[in-house]
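Read the structure below first, then the notes.
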Amino acid sequence: MRSWLIIGSLCVAAAMAGCTTTPVVRSEVTTFHEWPSGMQQATYAFEPSAEQQNNLEYRAYQSLIREELERLGLRASDQAAAQLKVQFRYRIDARDMRVIDQVVVDSAYYHPFYRPYWGSPFGGFGDPFWPHAYVEQRESQYVLYTRRLNIGLTQAADKRKLFDVTVVSEGRNGNLAGVMPYLVKSAFSDFPGTSGVPRRIELQTGQEKLYSADNHLSAY
């Protein structure tokens, strides 16, 4: 895994203490399609690759995609009768991240005998002559995961690809099964969508809020 260096912006330590962020799955979604009219109730069947045959993880994600297809009005069928064949691929990659934030620290919060002169016309912390504020660097390290999902719908009669969508999402959750429901929902958001135009989609996870002094942690 490769390490990356990110320099953060100036932040006030006191303001960041106890900061809460709601975790979201952020995805870049790119769709290409030639979706014809009159396909609202077309039949479909999944077409797994040789490696995906008898794969339990594949079957779990298949169920998620089936829910979205049925929500769109498509109907499951057997291989022989299906008008559409559904193929999908997925993967997850990881890389090490190193983040350095420059933080403005008020030393008065850490000195037990010092109290700032609140009568200053500049208003305490904002006083440019107040020598008790300084900037320090704080480093954090974590693993950033890149989750990818590609789904294609092909016309069975002539093998013509009608719909192809790629979802790319980055976050700190390396459990692909936990993130996959959000990737699938993002893939079919505003179906069939505008062809060839990348979109950014954010979905709240419904997990407990993250408590952190580091706003780099909000991506689930």
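Since every read-out is calculated from the coordinates, none of them should be taken as a lab result. Keep in mind the model is a prediction, meaning the values are calculated, not measured. Note: ideal-geometry Cβ built from the backbone for every residue, glycine included; neighbour counts use all protein chains shown.
Some points to look at:
- Using a Förster distance of 30 Å, the FRET efficiency for residue 104-residue 143 (Cβ separation, nearest 0.05): 0.60
- Using the Cβ of residue 161 as centre and a radius below 11 Å, the other residues enclosed give a net charge of 0, where K and R count +1 and D and E count -1.
- Cβ-based exposure ranking for 61, 182, 142, in which fewest neighbours within 10 Å come first: 142, 61, 182
- Cut-off 13 Å between beta-carbons: net charge of the residues surrounding residue 69, Lys and Arg +1, Asp and Glu -1: +2
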